[in-house]
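Before any comments, here is the structure.
The values are calculated or read from the model by the stated rules, or taken from the named source; none is laboratory data. From a predicted model like this one, the values you see are computed outputs, not experimental measurements. Positions of Cβ are generated from backbone atoms using ideal geometry, with glycine treated the same way; all protein chains shown enter the neighbour counts. Heavy atoms of the whole protein, side chains included, go into the accessibility calculation; ligands, DNA and RNA do not. Shrake-Rupley method; radii C 1.70, N 1.55, O 1.52, S 1.80 Å.
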Amino acid sequence: MPKTRVTKYESLNERRRQGALAVERVPLGEHARYEPQPGRPDAVGLLESQNETRDQDLVPVRHGRMMASAFTFYRGAAKIMATDLAGTPNAGLTVQLCGDAHLSNFGLFASPERTLVFDLNDFDETLPGPFEYDVKRMAASFTIAARNNGYAKSDRRAITRAAARAYREALAEFASMSLLDVWYSHLTEQELMGAVEAASKAASSKNLSKADAEKAAKTARKTAKKAHSRDSLQAMSKLAEQVDGRYRIVSQPPVVVPSREIGPVYGLAPDELLDVFHVQFRDYRKTLQYDRRQLLEHYEFVDMARKVVGVGSVGTRAFIVLLQGRDEQDPLFLQVKEATASVLEDHLPKSVFAEPGERVVQGQRMMQASSDIFLGWTKGVQEGRHLYWRQLRDMKGSALVETMIPYGMEFYAGICGWTLARAHARSGDAAAISAYLGETDEFDKAIVAFSDLYAEQNERDYAAFAEAIKSGRLEATEGT
């Protein structure tokens with residue numbers, strides 16, 4: 001367990017003063033700067049270093065997914081950007097960082113009350129650190145995605161500015177609220193759809209066509225509707241089959257490989273692998289809240305499989321577990337993902353949690369307004385392996401970035417900016433950060449300028465990555 005932190009209580013005026021003083025140390029305009037640091041590590045080499053502990057048969061799949069575009073490359077390049085962010089200015093105002101706050105790591109999912117909420121949804125890299133790291137990772141993702149979609153320069157900048165402005169304005173809002181009001185703040189499906197409809201009706205005031213506005217609203221409604229259908233029953237229809245009257249996970253290599261086939265990869269017979277997971281399952285339950293542990297006691301372990309997910313995390317250990325409740329029509333799918341050290345730990349203080357899985361879980365609980373009731377962690381059987389557990393499909397919905405129109409992406413940028421600010425306000429000092437950011441758009445402009453520069457860096461790294469594949473330095477399997 002981490003040591004208890006001794007909190008120094010200061011007045012609201014003093015905290016605001018500290019934010020204002022930070023401007024003298026690091027003027028807002030400084031955030032516009034980016035240039036590669038002298039001796040910057042080889043970007044491809046950084047990716048190769050991550051591959052050393054991954055399942056080697058999946059490393060080419062990771063490369064293939066990252067190769068799809070400069071944007072998918074960026075999604076998998078958190079380690080590269082963490083290295084670059086370490087050389088950028090920061091005001092010394094610390095929050096719990098997501099660590100990989102790109103636009104595809106926001107989305108819809110179910111709250112414990114079974115309502116849809118919008119929030120950050122990936123915390124593999126979470127760690128306390130300068131708030132600017134997350135803001136720049138998020139903002140640059142919008143610039144890169146907009147470039148990838150072929151948007152005009154004016155649209156790209158408007159979208160990125162919307163993300164930065166929403167973050168700054170939301171921090172000011174949270175700075176004026178009570179701590180409990182900040183803690184309970186969240187974005188519901190009803191609030192999100194209400195904002196979508198209001199923005200659609202106001203389209204004419206922004207010189208947008210009515211057709212474009214209605215298209216964006218229709219896409220949002222479709223995403224929410226689809227999220228409602230994504231649960232364990234739906235997962236069972238796609239991932240399981242009935243054999244001799246009992247369900248088991250379907251083999252779909254290399255994306256889904258069940259225990260009866262994957263054992264040899266880890267040097268275990270199928271029965272041995274299942275025995276390992278039974279032990280892991282028992283250990284995982286111990287990390288849950290008592291009532292949730294009792295709930296899970298009623299589920300029977302049925303099957304498990306390795307399942308490839310994401311882009312940058314491909315090759316790290318990732319599994320799905322099929323459980324059965326009351327009967328065969330009461331399934332529960334859990335996802336088990338490997339937790340490694342955060343990419344930020346190369347540049348920031350190490351996590352206070354000895355178990356990387358606990359680092360991920362506790363960081364998620366700190367940043368999300370509403371978290372999965374089945375979040376837990378275990379130490380893997382093999383030395384140096386750590387895991388965290390959660391539901392596989394819990395009404396999750398994600399934005400289709402590649403099909404967005406500029407109007408839709410600008411709206412989405414505002415939603416993400418607000419959400420990131422809320423996440424930071426839960427752990428950081430909203431009053432100090434808001435005082436630092438100020439009431440003008442100077443910070444917004446600086447973040448747009450940084451994002452333009454970093455998009456160029458990402459293009460250079462992507463070109464080097466593509467050349468490494470072309471030359472044979474890296475192996476890639478595309479389309480998987």
- Accessible area (Å², per residue) of the range 14-106, counting only protein heavy atoms and a probe of 1.4 Å: 37
- Item | Solvent exposure ordering (accessible area, 1.4 Å, most first) of Tyr9, Tyr299 | Tyr9, Tyr299
- Query: From the phi of every residue in the range 376-382, what ³J(HN,Hα) in whole Hz does the Karplus formula 6.51 cos²θ - 1.76 cosθ + 1.60 yield, where θ is phi - 60° and glycine or proline is x?
  - Reply: x, 8, 8, 8, x, 5, 7
- Rounded to the nearest 10 degrees, the helix 406-427 long axis (Cα) sits at an angle to the longest Cα principal axis of the chain of 80
- Message: Using amide H atoms built in the peptide plane, which far-off residues or other-chain residues are under 5 Å from Asp303 H to H?
- Response: Leu322
- Message: Given the whole protein assembly as supplied and a 1.4 Å probe, what does the accessible area of Phe123 come to in Å², nearest 10?
- Response: 0
- Going by accessible area, probe 1.4 Å, with all protein chains left in place, what is the ranking of Arg54, Arg359, largest first? Arg54, Arg359
- Query: What are the semi-axes of the equivalent ellipsoid for the range 117-201, taken as the square roots of 5 times the Cα gyration tensor eigenvalues, largest first, in whole Å?
  - Reply: 24, 19, 13
- Two-decimal Rg/Rh of the range 235-280 from alpha-carbon positions, Kirkwood Rh? 1.00
- Query: Of all the accessible heavy-atom surface of the chain, with the other protein chains kept in place and a 1.4 Å probe, what percent is carbon and sulfur?
  - Reply: 51
- Message: Ignoring everything except DSSP H segments at least 4 long, calculate the 222 nm mean residue ellipticity for the chain; use -39,500 (n - 2.57) per segment, divide by total residues, nearest 500.
- Response: -15500 deg cm²/dmol
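Shape verdict for the range 17-90, please, from the Cα gyration tensor: rounded (a/c under 1.5), prolate (a/b greater than b/c) or oblate.
Verdict is prolate for the range 17-90.
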- Enter the accessible area of Val401 (Å², nearest 10), with the probe set to 1.4 Å and all protein chains included. 10
- Looking at the range 224-332 from every direction and averaging, what is the projected area of its Cα convex hull in nm²? 8.4
- Query: According to the square roots a ≥ b ≥ c of the eigenvalues of the Cα gyration tensor, what is the shape class of the range 84-225, taking rounded for a/c under 1.5, prolate for a/b larger than b/c otherwise, and oblate for the remainder?
  - Reply: oblate
- Item | In order through the range 88-94: 3J(HN,Hα) via Karplus (6.51 cos²θ - 1.76 cosθ + 1.60), integer Hz, x for Gly, Pro | 9, x, 9, 7, x, 9, 9
- Query: What residue among Ala198, Thr188, Ala140 has its Cα farthest toward the positive end of the dipole of the range 80-229, where the charges are +1 on Lys, Arg and -1 on Asp, Glu, each on the Cβ?
  - Reply: Ala198
- Out of residues 5 or more away from Val250 or on other chains, whose amide H comes under 5 Å of its own, with H placed 1.01 Å from N in the peptide plane? Ala240, Glu241
- Stretch Met177-Arg246 to full length: gain in nm at 0.36 nm per residue minus the Cα-Cα span? 19.5 nm
- In units of 2.2 N^0.38 Å, what is the alpha-carbon radius of gyration of the chain? 0.97
- Using 16 Å as the cut-off for backbone N distance, which residues of the range 160-174 belong to the label zone defined by a point 7 Å from the Cα of Leu12 along Cα→Cβ? 171-174
- Task: With label points built 7 Å along Cα→Cβ from the Cα atoms of Tyr184 and His228, find their separation and express it in nm.
- Result: 2.6
- Out of Ala463, Ala305, Val44 - ranked by how far each Cα lies towards the positive end of the dipole of the chain, with unit charges on the beta-carbon of charged residues - the top one is Ala463
- Item | Cα shape, the range 320-427, gyration tensor, a/c 1.5 rule | oblate
- To the nearest 10 degrees, the tilt of helix 189-201 (Cα long axis) against the first principal axis of the alpha carbons of the chain is 50
- Positive-pole candidate from Gly64, Ile262, Leu274, dipole of the chain, charges at beta carbon: Gly64
- Task: With N set to the residue count of the range 389-480, report its C-alpha Rg divided by 2.2 N^0.38 Å to two decimal places.
- Result: 1.54
- Message: Whole-Hz ³J(HN,Hα) for each residue in the range 350-363, computed from phi via Karplus 6.51 cos²θ - 1.76 cosθ + 1.60 with θ = phi - 60°, x for glycine and proline: what do you get?
- Response: 4, 4, 6, 9, 5, 8, x, x, 5, 4, 5, 5, 5, x
- Once the whole set of protein chains is in place, how much accessible area is left on Val23, using a 1.4 Å probe, in Å² to the nearest 10? 50
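So between Arg365 and Asp42, what do we pick up on full extension, going 0.36 nm a residue minus the alpha carbon distance?
Gain in length upon complete extension: 112.8 nm.
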- Message: At 1.4 Å probe radius, can you tell me the per residue accessible area of the range 181-334 in Å²?
- Response: 53
- Skip the ligands, DNA and RNA, and give the accessible area per residue of the range 420-480 with a 1.4 Å probe, whole Å². 41
